Amino acid sequence: MTNLRIAVIGAGHLGRIHSKLLGSVDGASLVGISDPVESARARASEMFSVPVVEDYRELIDSIDAAVIASPTDSHAEIATELLKAGKHLLVEKPLAISSSDSDRLVMLANSKQLTLQVGHVERFNPAFTALGQLGVDTKYVEAVRASRFPGRCLDVGVVMDLMIHDIDLVCSMTDTAVKSVSASGLAVVSDHEDLAEARIEFECGLVANLKASRVSPTPARSMQVFGPSGFAEIDFSGPALHTVQTSDLLVDRQFDLEDATDNPLGYADELFTDHLKIGTQELEPRNAILDELHDFVISIQSGTAPTVSGADGARAVTIAERILDSISERAWYQDATPSEIGALANARTRIEAKPRLRKVA
């Protein structure tokens, strides 16, 4: 089978990683790179022996597929043109800057019968894939994702930049619709929110509390997942997966609570030896971005859906919009009169199914 000819659109940090790893993907060949920034093109030319051009349109006739690693606000325009030209796409997260653009890209890809994959790379993190193999019946999720100030991706705030990862991971745990969203955020350095927290409730009862920061002195990428029979903690950076398995006696509420009250110190020791058994899962070392690229190529070759489809990416963007809308409303409430708040509350009952996006000033 002839190798797929793939270009990388965007020669920044992530684009260079994709370009490097494509050389290790069976069935794929890197045939070109584009970036409008001269310094980025110069660096890519030093690293890779393929044409490096200013305009991605120069590569359209010579490729079968592309990885879009350009700034988020350019995703929709570039992806639309490439899909119309019949090219399969892996678009870095988020799929687009709005749900309307995301939905349009999904419909276009479907109409052309093209693969549209979204780069939510944490789906390929070995700790998260190992969690999936445990079959946890997830009821509650807490996640923290924090980084030092990146100095890039400033065309969007921390919700679209970092929290979007955890939004997608939580969405992969349930097919049910979102029941409610409540969020708050704060712009510290950029023109968008640099800190944010959100509470998402799904119709199935699953609740997720997500926190994100890109002005944190201490990086963190962790998630705790709770279910009726135990809970698990993921360190995405490690990666590592720790589990706590609940005994049948605890699940069935058949343990002697009176004895535990009379002898709390002894019961505390017994609790974590007999009833809440702590374990650490062994993980196979993997390169998540490389696995993502393999998944992309296999999806194109086989005609099957990728692990993270365009529809998955669009769903995450839609929920991110609702989070941004909630953040914006909360900031608006601070200066609003009681009558204005009442009017907004009445309006929201009519538009709850499709809240509009409002950027944080």
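The values are calculated or read from the model by the stated rules, or taken from the named source; none is laboratory data. From a predicted model like this one, the values you see are computed outputs, not experimental measurements. Virtual Cβ from ideal backbone geometry, glycine too; neighbours counted across all protein chains shown. Ligands, DNA and RNA are excluded from the accessible area calculation, which covers all protein heavy atoms including side chains. Shrake-Rupley method; radii C 1.70, N 1.55, O 1.52, S 1.80 Å.
Observations, loosely collected:
- Residue match in region 313-332 (condition: at pLDDT below 65, over 26 Å from Ala69 (Cα atoms), in a helix (DSSP H, G or I) and not small (Gly, Ala, Ser)): yes
Residue-by-condition table, conditions (1) in a helix (DSSP H, G or I); (2) open to solvent by 30 Å² or more (accessible area, probe 1.4 Å):
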| position | (1), (2) |
| --- | --- |
| Glu77 | yes, yes |
| Thr129 | yes, yes |
| Ala143 | no, no |
| Met163 | yes, no |
| Asp175 | no, yes |
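- Taken as a whole, the structure places Gly157 among residues that are farther than 17 Å from Val225 by Cβ and open to solvent by less than 30 Å² (accessible area, probe 1.4 Å).
- Residue match in region 190-197 (condition: among the aliphatic types (A, V, I, L, M) and closer than 30 Å to Lys277 by Cβ): no
- Any chance Arg148 is outside any strand (DSSP E or B), within 25 Å of Pro217 (Cα to Cα), at pLDDT below 95 and in contact with a Lys or Arg (Cβ under 9 Å, 6 or more places away or on another chain): yes
- Of all residues in region 107-127, those that are without any contact (Cβ under 8 Å) to a residue 60 or more places away in the chain have Cβ atoms under 6 Å from Cβ atoms of residues that are open to solvent by 10 Å² or more (accessible area, probe 1.4 Å) and of a type outside the set (Lys, Arg), 6 or more apart or on another chain, in Leu114/His88.
- A single member of Ala76, Ala69, Ala143 is in contact with a His (Cβ under 7 Å, 6 or more places away or on another chain) and either among the acidic types (Asp, Glu) or modelled with pLDDT of 95 or more (or both), and it is Ala69.
- Every residue from region 131-141 that is open to solvent by 30 Å² or more (accessible area, probe 1.4 Å) and not polar (S, T, N, Q): Gly132, Leu134, Gly135, Val136, Asp137, Lys139, Tyr140
- Out of Arg104, Arg199, sole residue that is part of a strand (DSSP E or B), surrounded by fewer than 23 Cβ atoms within 10 Å (Cβ to Cβ) and of a type in the set (Lys, Arg): Arg199
- Test: residue in region 45-54 that is surrounded by fewer than 16 Cβ atoms within 10 Å (Cβ to Cβ), in contact with a Pro (Cβ under 9 Å, 6 or more places away or on another chain) and in a loop (DSSP other than H, G, I, E, B): yes
- Leading residue by the ranking (least open to solvent (accessible area, probe 1.4 Å)) among those in region 8-42 that are farther than 22 Å from Val121 by Cβ and not in a helix (DSSP H, G or I): Gly32
- Residue pairs whose Cβ atoms lie under 6 Å apart, separated by 6 or more positions or on different chains, with the first residue in region 166-177 and among the charged types (D, E, K, R) and the second at pLDDT 95 or above and crowded, with 18+ Cβ neighbours inside 10 Å, are Asp166/Ala143; Asp166/Arg145; Asp166/Leu210; Asp168/His120; Asp168/Ala316.
- Scanning region 207-226 for residues that are in a loop (DSSP other than H, G, I, E, B) and either open to solvent by 40 Å² or more (accessible area, probe 1.4 Å) or touching a Lys or Arg at 6+ places or on another chain (Cβ under 6 Å) (or both) gives Val215, Pro217, Thr218, Pro219.
- Consider region 177-195 and keep the residues that are modelled with pLDDT of 95 or more and among the aliphatic types (A, V, I, L, M). The one that is least open to solvent (accessible area, probe 1.4 Å) is Ala183.
- Looking across Leu89, Leu59, Leu95, one residue alone is closer than 22 Å to Ser29 by Cβ, within 20 Å of the chain's Cα centre (by Cα) and buried (at least 19 other Cβ atoms within 10 Å of the Cβ). It is Leu89.
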